[in-house]
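The values are calculated or read from the model by the stated rules, or taken from the named source; none is laboratory data. Because the structure is a prediction, the values reported are computed rather than measured. Cβ sites come from the backbone with ideal geometry, for glycine too, and all protein chains shown count toward neighbours. Protein only, heavy atoms only, side chains kept; ligands, DNA and RNA dropped before computing areas. Shrake-Rupley method; radii C 1.70, N 1.55, O 1.52, S 1.80 Å.
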Amino acid sequence: MHALQTLSQLVRFDFDSQSYSIPSSPWDINDKPRFKHREVLVDSARHFEPAQTIKNLIESLTYAKINVVHWHLVDSQSFPFDSPSLPKLSQSGAFSNQERFTTNDVADVVEFARARGVRVMVEIDTPGHAGSWCKGHPEICPSPTCTEPLNPATNATFELLDKLFQDLTGGDRSKGLFPDNMMHLGGDEVNTKCWTKSPSISAWLKQNNLTPDGGYAYFVKRVQAIARSKGRDVVGWEEIWNHFGTQLDKSTIIHQWLHHSTIAQNATSHGYRVLWSSDDSWYLDHLTTSWETMYEQEPCTGIDDTTCETLVLGGGGCMWGEKVDTSDIQQTIWPRLGAIAERLWSPKATATTAKAAKDRFVGFRCLLNRRGIAAAPTTNLIARSSPTGPGSCFD
């Protein structure tokens with residue numbers, strides 16, 4: 001599939017002769033990806049991204065050989081997924097009745113991706129980033145006015161998570177709505193103040209000789225155990241490593257995101273697998289981050305080649321949804337994701353500097369435009385802004 005994509009990008013149409021050709025042929029190409037996990041994160045909770053919008057994006061991903069959609073499905077702002085076992089979550093937690101995903105919607109997106117060689121990894125971020133859950137199930141939250149992190153002191157929280165995960169995974173490896181065997185459980189930005197403000201949770205912490213951070217560890221370990229019982233390899237944002245380190249199950253995959261972080265080096269030195277998506281360089285919602293900056297990142301800085309090959313699975317660009325929706329998602333992602341894609345695909349010796357890649361990058365943006373993808377100009381100081389005036393896409 002990737003070979004056919006390469007071939008399609010070598011073919012040129014000659015308008016004068018009205019014929020197709022492959023310039024400078026014959027070619028002998030021996031190619032393979034440096035990293036097996038090459039993702040873009042799509043956030044459908046800060047703004048609802050319809051299933052068709054996600055499918056349109058998936059179609060474009062194949063042009064850059066991005067092979068994973070990291071679907072950040074729900075968050076504090078909304079819960080758009082119609083869980084068959086827990087219908088109140090979306091009935092009360094979605095932005096509106098029209099901004100929801102049925103199970104058929106999800107299955108359609110996942111199958112559309114599979115047919116194009118793209119995996120879909122779902123993220124259910126807990127215990128923080130879950131305030132929208134409380135609208136339908138207030139019993140799992142600290143209080144009506146202080147809603148997250150989710151309540152660790154009641155079994156109702158974990159019983160709900162078990163039902164939700166069952167809906168998503170089918171309860172077994174490679175099954176369910178999201179058959180991909182990696183499942184992201186977030187775990188980031190957990191502020192435990194709502195726990196200490198709650199008399200019942202404070203009493204539970206004291207009874208179990210736990211600090212608030214200890215309660216956080218209890219939650220993370222218990223929710224990970226539920227996911228693993230459904231046949232999933234758990235991914236979590238780097239805060240879980242910062243807090244718990246080698247206490248985490250060895251199968252846990254650590255997703256680095258904080259800038260100037262050394263998590264990738266630290267976690268791999270203890271034998272843990274990692275993903276890399278630094279917020280100061282690979283966050284696509286950061287509109288002033290240039291493609292040059294994105295291109296010149298190295299996920300394996302400070303990591304020896306053998307460890308890099310075995311424990312650094314890859315990474316990708318994150319399209320957080322606070323300030324993006326269907327109207328501008330394509331031109332916010334493209335063409336900058338192409339810089340990340342080449343970094344994740346090409347050998348380190350080949351992907352050298354942005355200066356060396358510039359002509360390829362400009363040409364790739366023009367290819368995206370010819371294929372109907374709303375890729376913004378490469379020279380923008382602010383990503384997704386319009387061209388400054390008339391001219392060729394190659395200028």
*If you check VAL106 against the conditions, is it within 30 Å of PHE364 (Cβ to Cβ), in contact with a strand residue (DSSP E or B) (Cβ under 8 Å, 6 or more places away or on another chain) and of a type in the set (A, V, I, L, M)?*
no
*asked:* Residues that are touching a Lys or Arg at 6+ places or on another chain (Cβ under 9 Å) and closer than 25 Å to TRP257 by Cβ: does segment 380-387 have at least one?
replied: yes
_One residue is enough: does segment 79-99 have a residue meeting the conditions of a type in the set (S, T, N, Q), out of contact with any Cys (no Cβ under 9 Å at 6 or more places or on another chain), assigned to a helix (DSSP H, G or I) and closer than 20 Å to ILE58 by Cα?_
no
*Tally, over segment 276-296, of residues that are out of contact with any helix residue (DSSP H, G or I) (no Cβ under 8 Å at 6 or more places or on another chain) and not polar (S, T, N, Q)*: 4
*Do we find that ASP82 is within 30 Å of ARG38 (Cα to Cα), at pLDDT 95 or above, buried (at least 21 other Cβ atoms within 10 Å of the Cβ) and of a type in the set (Asp, Glu) in this structure?*
no
*Applying the selection to segment 63-76, what residues are touching a helix residue (DSSP H, G or I) at 6+ places or on another chain (Cβ under 6 Å) and in a loop (DSSP other than H, G, I, E, B)?*
LYS65, ILE66, SER76
*Pull up segment 351-379, narrow it to residues that are farther than 27 Å from CYS300 by Cβ and open to solvent by 30 Å² or more (accessible area, probe 1.4 Å), then point me to the one that is nearest to the chain's Cα centre (by Cα).*
ALA374
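Taking the criterion of being touching a Gly at 6+ places or on another chain (Cβ under 8 Å) and closer than 26 Å to VAL110 by Cβ, would at least one residue in segment 216-225 satisfy it?
Taking segment 216-225 first, the residues touching a Gly at 6+ places or on another chain (Cβ under 8 Å) are 220, 224.
Applying the additional criterion that residues be closer than 26 Å to VAL110 by Cβ yields 224.
Checked segment 216-225: at least one residue is touching a Gly at 6+ places or on another chain (Cβ under 8 Å) and closer than 26 Å to VAL110 by Cβ.
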_For the condition part of a helix (DSSP H, G or I) and open to solvent by 40 Å² or more (accessible area, probe 1.4 Å), what is the one hit in GLU148, GLU159?_
GLU159
*ILE340 fails exactly one of the following numbered conditions: (1) out of contact with any helix residue (DSSP H, G or I) (no Cβ under 9 Å at 6 or more places or on another chain); (2) touching a residue at least 12 places away in the same chain (Cβ under 8 Å). What is the number of that condition?*
(1)
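So which residues in segment 105-124 are hydrophobic (A, V, I, L, M, F, W, C) and either part of a loop (DSSP other than H, G, I, E, B) or touching a Ser or Thr at 6+ places or on another chain (Cβ under 6 Å) (or both)?
The first filter runs over segment 105-124 and keeps only residues hydrophobic (A, V, I, L, M, F, W, C), leaving 106-107, 109-110, 112-113, 115, 118, 120-122, 124.
The answer is ALA115, VAL118, ILE124.
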*Does segment 125-140 contain at least one residue that is assigned to a helix (DSSP H, G or I), closer than 18 Å to GLY321 by Cβ and among the hydroxyl-bearing types (Ser, Thr, Tyr)?*
yes
_Out of the residues in segment 168-190 meeting the condition of being open to solvent by 30 Å² or more (accessible area, probe 1.4 Å) and among the acidic types (Asp, Glu), tell me which one is nearest to ALA107 (Cα to Cα)._
ASP172
*Might you let me know whether segment 118-141 holds any residue that is open to solvent by 40 Å² or more (accessible area, probe 1.4 Å), touching a helix residue (DSSP H, G or I) at 6+ places or on another chain (Cβ under 6 Å), modelled with pLDDT of 95 or more and within 18 Å of VAL223 (Cα to Cα)?*
yes
_So ASP328 ticks every box in (1) touching a Ser or Thr at 6+ places or on another chain (Cβ under 9 Å); (2) free of Cβ contacts under 8 Å to residues at least 60 places away in the same chain but one. Which box is left unticked?_
(1)
*Complete set of residues in segment 1-59 that are exposed (fewer than 13 other Cβ atoms within 10 Å of the Cβ), assigned to a strand (DSSP E or B) and basic (Lys, Arg)*: ARG12
*Subset of segment 85-106 [crowded, with 16+ Cβ neighbours inside 10 Å and closer than 16 Å to PHE178 by Cα]*: PHE101, ASP105, VAL106
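If you take the residues of segment 191-202 that are assigned to a helix (DSSP H, G or I) and touching a residue at least 40 places away in the same chain (Cβ under 8 Å), which of them is surrounded by the most Cβ atoms within 10 Å (Cβ to Cβ)?
Here the answer is TRP195.
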